[in-house]
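First up is the structure itself, then whatever we jot down about it.
Quick note: the coordinates plus some simple rules give every number you see, no bench work behind them. Owing to the predicted nature of the structure, the values given are computational and were not obtained by experimental measurement. Positions of Cβ are backbone-derived with ideal geometry, glycine not excepted, and every protein chain shown enters the neighbour counts.
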Amino acid sequence: IAYVECTEPAEFEQENARSILNKHLPDYMVPTAFVALQTFPLTANGKLDRKALPAPEMQENETAYIAPRNEIEQQLAAMWSELLGIDQVGIEDDFFALGGHSLVAMQVVSQIMQAMGVQLPLEVLFDAPTIASLAESVNKSTNDKADTSVIKRISRTQRRARRKHDDAE
C-alpha cells in the first residue's frame, strides 16, 4: 500500500503511478494499492498517525479466475487463500497483487516445506508469483530431488588416501 499526498486526491491516477514505478522497481516492490490523501493525518507531536490512515479500497482482480488443475496447484491455492484471507485464488493470480508481501512469502515457503517436503528458496516466489509458475518450480524441485544420486559413504582410510592424493597434485 502506498499513501500519496496530493492537492486533488480525486484526480490521482493509480495506473499512471503504477506504470512509472514499474519502470524503476521490480514487480514485487510496486504497491498493489494506492491511497490518495489531501494531507497525511498527524499525531499531536506532528508525526504520521499510522492508525488514522484509511484502508485502501480493494479493486476487482483483473485476471479471470482459472481453477487449479492438479493436486499441487490445489494445495498452493489453499495455502494462499488461508494466508492472504482470500476466498478464491486462481492459478494465474499474482501473489503480490493479491496483497502478499515478503513476510507472507516466507510463510508460503515454510508451508510448502511442511506440506510437500520441498525446500524452495524465497526468491522462487518473487520470480514465480503465480500458482501455475510456483507449481512448476515445486514439480521441478521434486523431480530434481528424486534424480539425485545416493551419496556413498567412504571410510576414513579412503578419505585420507584421497587427501594425500590431492595434496600430491
Give, as a single signed number, the net charge of other residues whose beta carbon lies under 12 Å from the beta carbon of V4, with Lys and Arg counted +1 and Asp and Glu -1. -3
Fewest to most Cβ atoms within 10 Å: I86, I131, I20 sort as I20, I86, I131
The stretch 1-119, relative contact order in percent, only Cα pairs under 8 angstrom and at least six apart counted: 20 percent
The chain: angle of helix 131-147 to the longest principal axis, Cα-based, in degrees nearest 10: 10 degrees
Which of S155, H24, L134 sits closest to the plus end of the dipole of the chain, meaning its Cα is farthest towards the positive end, when Lys and Arg get +1 and Asp and Glu get -1 on the C-beta? S155
In a shell of Cβ-Cβ distance under 13 Å around D127, excluding D127 itself, what net charge do Lys and Arg (+1) and Asp and Glu (-1) give? -3
Kirkwood hydrodynamic radius (C-alpha pairs) into Stokes-Einstein, the stretch 1-67, 25 °C and 0.890 mPa s, D in µm²/s: 177 µm²/s
Can you bin the stretch 61-114 into rounded, prolate or oblate? Criterion: square roots of the alpha carbon gyration tensor eigenvalues sorted a ≥ b ≥ c, rounded for a/c under 1.5, prolate for a/b above b/c, oblate for the rest. oblate
Based solely on its DSSP helices, what 222 nm [θ] is calculated for the chain when runs of n ≥ 4 H residues each add -39,500 (n - 2.57) and the sum is averaged over all residues, nearest 500 deg cm²/dmol? -14000 deg cm²/dmol
What are the GluC sites (Glu not before Pro) within the stretch 32-100 that DSSP puts in a loop, where the Cβ has at most 11 other Cβ atoms within 10 Å? E57, E60, E62
Local charge sum around N70 (other residues, Cβ-Cβ under 15 Å, Lys/Arg +1, Asp/Glu -1)? -2
Return one quarter of the surface area of the convex hull spanned by the alpha-carbon atoms of the chain, equal to its mean projected area, in nm². 17.6 nm²
Helix axis angle, 14-24 relative to the chain longest principal axis, alpha carbon, degrees: 40 degrees
Given backbone amide H placed at 1.01 Å from N, residues whose amide H is under 5 Å from that of L37, ignoring those fewer than 5 places away on the same chain, are V4, E5, C6
